[in-house]
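Read the figures in this text as sums done on the coordinates, not as results from a lab. As the structure is a prediction and not an experimental result, all values here were calculated from the model. FYI the Cβ positions are ideal-geometry reconstructions off the backbone, even for glycines, and counts take in every protein chain you see.
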Amino acid sequence: MNIPITGCTRFTGLLGTPVTHSISPRMHNESFQYLGLDYVYLCFDVNEQTLPDAVRGLKALGVRGFNLTMPCKNRMAELCSSLSPAARLIGAVNTVVHEGNGELTGHNTDGIGFIRALREAGQEIKGKTMTLLGAGGAASSICTQAAIDGAQAVHVFARSSSRFWGRMQHLADELSRLYPCRVTLEEQADTLQLKSSLENSHLLVNGTSVGMAPETGASLITDPELFHPDLAVFDAIYNPRQTRLLKLAQKAGCQTGNGLYMLLYQGAEAFTLWTGQDMPIEHIKSCCFPDAV
């Protein structure tokens, strides 16, 4: 990939830490080049403390927009001039558009990316019941978009000792008030309630980092009896491609999917917000995501 830089090249990028492993630069730069757009995408190692200074610098440089990864998503929501409805509900931003004159609009495209990946796998969220593991950023985004897109119910399971518990309880109350979707928050350790939820769910989604490399032997669900063939199981993790949770679900006859296409489609949404054009999805799949399944 040979990216020409001109005096008119528009600048986008990723802020967070760590960022050296990110697939996003390849995905976006390949898209810019394929479509003949004079843009470039770079990564910068930024933490919550250095984020305000980094954002001020980017605004002064006239950046078109940027992505946020951990641990900067929640802090960025406080630095934006305005927020999309989803970002406001979640309290976290993963995509920023510089509107000009220093005005920054914050979006959260993680949930959009997940729902699009779900649909591509042949699963529709509308009218369905989901069991969701986790209360952090990814889980909050998935929960919010599921409610917006017409889920009947979302049963969230998390640790009551988690620092995200209170925020998720507030989100569950707000989503249940604003949308015709019943969102509940349950203690993760309540195995009887989890069993009951899974028996009545169409989808199980792991929105935590449990099972991510290098701790690939971990899984929040280890009892194969909790799965049933009518349950589709998805993991927001993409490294490894098959987590222990997905392996157990496959053995039980469940359809499964990892987080690679969630990553792709959240990036595609950001790409459109910055450029006004669609990311060349099929091209990016072939060159950047050949082993997504």
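Things to note:
- Net charge of Cβ neighbours under 12 Å - reference G111; Lys, Arg +1; Asp, Glu -1: -2
- Nearest 10 degrees, 0 to 90: helix 51-61 Cα axis against the chain principal axis: 40
- Radius of gyration (Cα atoms) of region 178-238, expressed as a multiple of 2.2 N^0.38 Å: 1.22.
- Region 97-144 has equivalent-ellipsoid semi-axes of 28, 14, 8 Å, by the square roots of 5 times the alpha carbon gyration tensor eigenvalues, sorted largest first.
- Values of log10 I(q)/I(0), in the order q = 0.10 Å⁻¹, for the chain under a Debye, Cα-only, solvent-free model: -0.53
- Listed residue (P71, G122, Y34) projecting farthest to the positive dipole end of the chain, Cβ model: P71
- Tilt relative to the chain, helix 260-275 - C-alpha long axis, 0 to 90 degrees, to 10: 40
- Secondary structure note: in the chain, about 20% of the DSSP beta bridges are antiparallel.
- Between region 78-94 and region 234-293, the alpha-carbon centres lie 24 Å apart.
- When the helices of the chain are scored as -39500 (n - 2.57) per DSSP H run of n ≥ 4 and the total is divided over every residue, the value at 222 nm lands at -11500 deg cm²/dmol.
- Taking a Cβ cut-off of under 14 Å around I237, the surrounding Lys, Arg, Asp and Glu residues balance to a net charge of 0, with basic ones at +1 and acidic ones at -1.
- Backbone HN-Hα couplings from phi across region 277-290 [Karplus 6.51/-1.76/1.60, Hz, Gly and Pro as x]: 10, 7, 5, x, 4, 5, 5, 5, 4, 6, 9, 10, 10, x
- Between region 175-215 and region 105-131, the Cα center-to-center distance that results, in Å: 15
- Note on region 40-198: semi-axes of the ellipsoid equivalent to its C-alpha gyration tensor, largest first and rounded to whole Å, are 31, 17, 13.
- Sequence-distant aspartates and glutamates (8 or more away, or on other chains) whose Cα lies within less than 12 Å of K285: E30
- Using alpha-carbon coordinates, inclination of helix 165-178 to the longest axis of the chain, degrees: 90
- Working ranking of peptides 28-39, 118-129 by packing, defined as the average number of other Cβ atoms within 10 Å per residue, highest first, is 28-39, 118-129.
- Computed over region 1-66, relative contact order equals 46 percent, with contacts defined as Cα pairs under 8 Å that lie 6+ residues apart.
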